[in-house]
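Take a look at the structure set out below.
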Amino acid sequence: MDDGLRTCGSSAVEYVLVAHGTRSAAGVENIAALAEAVSLRIGAVRTAFVDVLGPTPSEVLSTIEGPAVLVPAFLASGYHVHQDIPQHVELSGHPNVAVTQTLGPDPVLASVMAERLREAGWRHGDAVVLAAAGSSDPRARHEVHTAANMLAHHTGPVRVGYVATGEPRVPDTVAAARATGRRVFIASYLLAQGLFQERLAACGADGVARPLGVHPEIVNLLVRRFASAAVPGALEAVADVA
């Protein structure tokens, strides 16, 4: 057993990383790689998905006997976080599940987005459009703008556009930024590869950053999310990711 784990009664705490789900093989591999990287730090981490593919959170939780910690690997708290995940926890019948704060927004993600932009060729003075999946939930949209403000600390002003749900759409935001006469780069506020990331290539920008993906700082952030759970027997403080 990993030194960072303690036991609760006879059962160790189990860890579940919950993502959206995608038909993209590369996207599924991204999530698996993140879970594996976190597992090397805290012990085995299972994955579950709320849409497109399984296993679902309720299916995973129903196989766990001891306490469980669930981290929503979402960048904003929309329908899946406020509705789907609580419903899956209830459906599982598991009596001891701690659901932590979502992955984003967080200054760590802004730092990684800035790094991805630089990799894509962005330079100071170029316009930046943060591209998010979008949500009908105003709380999630507010959090996307919070993420844009965090990114702005690295890049200067950031415009927001949505790939799937919400206005303005990414192509329209890119066009508005283009009207300023500057080069335009898209910061991908997406966790993994998939259809939404593929759509960004056709939005008219001069460059598109990679999704956040597997990055050491994101792994650190996930470890902190798991460690934050108020479950007896959960991770003790992880000093090296403070």
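Computed values, structure above
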| quantity | calculated |
| --- | --- |
| Prolate/oblate/rounded label for the stretch 130-210 (Cα gyration tensor, a/c 1.5) | rounded |
| Gyration tensor verdict on the chain (Cα atoms; rounded if a/c is under 1.5, prolate if a/b is larger than b/c, oblate otherwise) | prolate |
| Backbone N under 18 Å from the Arg183 label point (7 Å along Cα→Cβ), restricted to the stretch 116-131 | 116-130 |
| Spin-label pair Glu65/Gln87, simplified geometry with 7 Å Cα→Cβ offset, distance in nm | 3.1 nm |
| Between helix 216-227 and the chain: long-axis angle, C-alpha atoms, 0 to 90°, nearest 10 | 40 degrees |
| Modelled FRET efficiency - R0 22 Å, Asp206 with Ala25, Cβ distances, 0.05 increments | 0.20 |
| Nearest-10 value in Å² for the accessible area of Leu91, using the 1.4 Å probe | 130 Å² |
| Contact order relative to length of the chain, as percent, for alpha carbon pairs under 8 angstrom and 6 or more apart | 24 percent |
| Distance between modelled label sites at Ala176 and Ala33, nm, 7 Å Cα→Cβ extension | 3.4 nm |
| Probe 1.4 Å, protein heavy atoms only - accessible area per residue of the stretch 104-242 in square angstrom | 44 Å² |
| Apportionment of accessible area to carbon and sulfur, the stretch 63-186, percent (1.4 Å) | 52 percent |
| Rounded Å value of the spacing that divides the Cα centres of the stretch 17-47 and the stretch 130-193 | 25 Å |
| With Cα atoms, 0 to 90° folded angle of helix 25-42 axis to the chain main axis | 50 degrees |
| Amide proton proximity set for Arg169, modelled H, under 5 Å, gap of 5+ | Tyr162 |
| Scaled radius of gyration (Cα, divided by 2.2 N^0.38 Å) that the stretch 35-172 gives | 1.21 |
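The values are calculated or read from the model by the stated rules, or taken from the named source; none is laboratory data. What you are looking at is a predicted structure, and each value in this text was computed from that prediction instead of being measured. Positions of Cβ are generated from backbone atoms using ideal geometry, with glycine treated the same way; all protein chains shown enter the neighbour counts. Accessible surface is based on the protein model in full, side chains and every heavy atom, while ligands, DNA and RNA are left aside. Shrake-Rupley method; radii C 1.70, N 1.55, O 1.52, S 1.80 Å.
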